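All of the numbers you see were taken from the coordinates with simple rules; none came from a lab. The structure presented is a predicted model; accordingly, all values stated were derived computationally and were not measured.
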Amino acid sequence: MAGARLIGVAGARLIGTVEGMDAKPNLSPHVPRLELITKSGCHLCDDARTVVDGVAAGLGLVWAEVSIEGDPELANRYGEEIPVILVDGVQRDFWHIDPVRLRTILSNSMAAPGA
């Protein structure tokens, strides 16, 4: 997405095998894609950024901040609801981001089999 910033650190994942070793399935947990939709001058966005950064850091996740400014499609879709949290492309929260709710959503996503 244009205007996206990646924030945080990602945990290591087993994504392949070494030649000559028995192939094993990828047993790593699902790493959810976490995005915060914002715009400049938004005090709720500032608050949400702090919450998302803390929750993501605690879970070892990378997150992206995406501005609706300069993107008419995003502005049309989310303009009245920002800040908006997307997890794997699905809107999960908006306006006041609850850290306990966000941590639960992300933890459940990471623990989901086959996710």
Contour minus Cα-Cα distance for ALA57 and ALA112 (0.36 nm per residue): 17.8 nm
Cα-only Debye scattering, the range 20-109: base-10 log of I(q)/I(0) at q = 0.10, 0.11, 0.14, 0.21 Å⁻¹: -0.29, -0.34, -0.50, -0.96
